[in-house]
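Report on one structure; see the data block that follows.
The values are calculated or read from the model by the stated rules, or taken from the named source; none is laboratory data. Because the structure is a prediction, the values reported are computed rather than measured. Cβ placement follows ideal geometry from the backbone for every residue including glycine, while neighbour counts extend to all protein chains displayed.
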Amino acid sequence: MPVLVNVEGQLVPPEQATVSVFDRGFLYGDSVYEVARTYGGRPFELGRHLDRMDRSADRIGLTLPPRERIEGEIQRTLDAARNPESYVRIVVTRGEGRFGLSPHLAQGMSRMFVIVRPLEPAPREQYEKGLQVAVTLTRRNPTACLDPSLKTGNYMNNILALREAHAAGADDALLLDLRGQVTEASTSNVFFVQKGIVVTPPLALGMLQGVTRTVVLEVARGEGLIVREEPFGPEALAAADEVFVTSTIREVMPVTSLVLLGGAAPDVRRIGDRKQGPVTRRLHEAFRKYVARTHGA
Ligand code: PMP
């Protein structure tokens, strides 16, 4: 069964996977979630994903089920779905209670869902030709408003940016903070390479601490590359030798053109020679080696 949903411990096909309209996840985005994937059938870096979910839940005062139960339900769903490789989405909502915004109205009964789907990796050609990414006018939520390091069900900031990017014909959105510094893409972290040095924005600007970002930083250092976490603006990306984004599903994906919005007409900038650059390729290979080492895949 390719798509299988675990609704509070019950394994059901997608058409039977329903949630109450009174669930606070549905009403307010009052939930946390993670997206993991498998290699060789086993979830990749599940510990880091669940640590991040712990941090998100902690910050919004939501009680997660015990770690062993979460892990057990994920495994049970993967075993039953039997896909060669799976996308795994784990969602925990604050559940429901008396109607109203106050989180105290929830009756302390969080709800957990696990959605398992066959993994749909990006086509191989995409890794050669890369993505076009638009720097949107929609800015990333400031940390003092809705901290982007929290992976909650409230993704409207990212959705609005993505709408803007798609309207400009780009594949993805790149969001700046209120000071005009690059933060992250709609569901990926961003890096650039200049004269062999790898640069990515520091977490303190307000972004998700991507699991792939962390692994890529580790393998880049392992490769002996100089890595810096420092703020920069979109012009630094436009002038870079290489740009790439990282995420669980995309791994290490080149960005080969940038669209700067806000002027009279979209300003399209080519990056490097418009194909996967050598450092991006090397880091993607090093990432794959890390996967092979840790997962035997
Ligand atoms: N930023 C955002 C906003 C995301 O939603 C994601 C996807 N979870 C990422 C970055 C990349 O994180 P990861 O490498 O853990 O998939």
Q.
I'd like the residue in the range 169-211 that is more than 19 Å from VAL133 (Cα to Cα) and of a type outside the set (A, V, I, L, M) and, out of all such residues, is surrounded by the fewest Cβ atoms within 10 Å (Cβ to Cβ).
A. LYS195
Q) Do you know which residues across the range 111-138 are assigned to a loop (DSSP other than H, G, I, E, B) and more than 17 Å from the chain's Cα centre (by Cα)? A) PRO123, GLY130, THR136, LEU137, THR138
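Report whether or not GLY169 is on the phi > 0 side of the Ramachandran plot and either at pLDDT 95 or above or not assigned by TED's automatic domain parsing to the domain that holds LEU62 (or both).
Working: on the phi > 0 side of the Ramachandran plot: yes; either at pLDDT 95 or above or not assigned by TED's automatic domain parsing to the domain that holds LEU62 (or both): yes.
Spelling it out, GLY169 is indeed on the phi > 0 side of the Ramachandran plot and either at pLDDT 95 or above or not assigned by TED's automatic domain parsing to the domain that holds LEU62 (or both).
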Q: Collect the residues in the range 152-172 that are touching a strand residue (DSSP E or B) at 6+ places or on another chain (Cβ under 6 Å) and within 22 Å of THR248 (Cα to Cα), keeping them in residue-number order.
A: THR152, GLY153, ALA161, LEU162, ALA165, ALA170, ASP171, ASP172
Q. Hey, any hits in the range 24-47 for a residue that's assigned by TED's automatic domain parsing to the domain that holds GLY100, more than 16 Å from the ligand (Cβ to nearest atom), out of contact with any Pro (no Cβ under 7 Å at 6 or more places or on another chain) and free of Cβ contacts under 8 Å to residues at least 12 places away in the same chain?
A. yes
**Q.** Failed condition for GLY100, given (1) outside any helix (DSSP H, G or I); (2) at pLDDT 95 or above
**A.** (2)
Q) Within the range 21-35, can one find any residue that is of a type in the set (A, V, I, L, M), in contact with a strand residue (DSSP E or B) (Cβ under 6 Å, 6 or more places away or on another chain), at negative phi and surrounded by fewer than 19 Cβ atoms within 10 Å (Cβ to Cβ)? A) yes
(Q) Just to check your reading of the model, which residue among GLU85, GLU45 is more than 17 Å from GLY153 (Cβ to Cβ) and under 16 Å from the mean Cα position of the chain (by Cα)? (A) GLU45
Q: Return a yes/no flag: does the range 211-222 have any residue that is closer than 23 Å to ARG179 by Cα and modelled with pLDDT of 95 or more.
A: yes
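Take the range 68-95 and flag every residue that is exposed (fewer than 14 other Cβ atoms within 10 Å of the Cβ) and either charged (D, E, K, R) or in contact (Cβ under 8 Å) with a residue 60 or more places away in the chain (or both).
So the first thing to find is which residues in the range 68-95 are exposed (fewer than 14 other Cβ atoms within 10 Å of the Cβ), and the list is 68-69, 72, 79-80, 82, 84.
Of everything in the range 68-95, those that are exposed (fewer than 14 other Cβ atoms within 10 Å of the Cβ) and either charged (D, E, K, R) or in contact (Cβ under 8 Å) with a residue 60 or more places away in the chain (or both) turn out to be GLU68, ARG69, ASP79, ALA80, ARG82.
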Q: Provide a single number: the residues in the range 66-87 that are outside any helix (DSSP H, G or I) and within 14 Å of GLY47 (Cα to Cα).
A: 1
(Q) Given the criteria out of contact with any helix residue (DSSP H, G or I) (no Cβ under 7 Å at 6 or more places or on another chain), of a type outside the set (Lys, Arg), over 26 Å from SER149 (Cα atoms) and at pLDDT 95 or above, does GLU73 qualify? (A) no
